[in-house]
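Shown next, in structure tokens, is the structure this report addresses.
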């Protein structure tokens, strides 16, 4: 019997971002998410991350329609070696949600009066836990449109840099710090915390259209020939699959 989980973890994006990943590896970026606490209050926070989904290729079309038709399918061995973890999905009315609120709020109160250099390790642990937590469902904004979504369907795994401070400040961002220019400046600081990969770590390179295959192969040759030998470049090129192929096989 086939398993529900995939053998790969997929990261989807736009064409230019795929080329950027193949050139520079995965850079974490701040992602703004809306959280509902157990009292029904909504809060916006941004955490640095790289997101992947654990969805079999045959069921990936809806996910691509949201996040982009270009991406990489990475082996789970690579993900585990780089300490990625599935997120904890929380229903906002549940007991777990209540306890998470208590942990986070209690931690905030206990250290709120301290200067940043004296923040306790427990505070960082609470933030790290929150960075790997996501609402079971909620509202997602894409291209200025807000839609209701069941996030649990995404089966997300997440890479979060193993640091507690960035440029001497808290890793998570709230309030005025969610402005696009501030997020972009913080994203530049995250480039030192990228995660790399080798050709063996990639199971799929996903492109939008079959007609783009030759262009992408040529781009891979131009990007990777300085780092990999010709056999490794050919190996990467052999892993290309188009969204059109995936749609045709469903």
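The values are calculated or read from the model by the stated rules, or taken from the named source; none is laboratory data. Here the structure is a predicted model, which is why all the values come from computation and not from measurement. For neighbour counting, all protein chains shown are included, and Cβ atoms are generated from backbone atoms with ideal geometry for every residue, glycine included.
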> Is there any pair with a first residue in the stretch 177-203 that is free of Cβ contacts under 8 Å to residues at least 12 places away in the same chain and a second that is loosely packed, with under 12 Cβ neighbours inside 10 Å whose Cβ atoms are under 8 Å apart and which are 6 or more apart or on different chains, and what are they?
Replying inline: 182/176
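The rows are residues; the columns are (1) touching a strand residue (DSSP E or B) at 6+ places or on another chain (Cβ under 9 Å); (2) over 29 Å from residue 221 (Cα atoms); (3) touching a residue at least 60 places away in the same chain (Cβ under 8 Å).
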residue	(1), (2), (3)
28	yes, no, yes
39	no, yes, yes
61	no, no, yes
68	yes, no, no
82	yes, no, yes
89	yes, yes, yes
96	yes, yes, no
101	no, yes, yes
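Residue under question is residue 125, and the condition is that it be at pLDDT 90 or above and part of a helix (DSSP H, G or I); does it hold?
On the way: at pLDDT 90 or above: no; part of a helix (DSSP H, G or I): yes.
Considered against the rule, which asks whether it is at pLDDT 90 or above and part of a helix (DSSP H, G or I), residue 125 comes out as no.
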> What number of residues within the stretch 217-231 satisfy the criterion of being part of a helix (DSSP H, G or I) and within 26 Å of the chain's Cα centre (by Cα)?
Replying inline: 5
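Can you name every residue in the stretch 133-174 that is in a loop (DSSP other than H, G, I, E, B) and under 26 Å from residue 75 (Cα atoms)?
136, 150, 155, 160, 161, 162, 163, listed by residue number.
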> Does residue 110 fit the bill of being modelled with pLDDT under 80 and touching a helix residue (DSSP H, G or I) at 6+ places or on another chain (Cβ under 6 Å)?
Replying inline: no
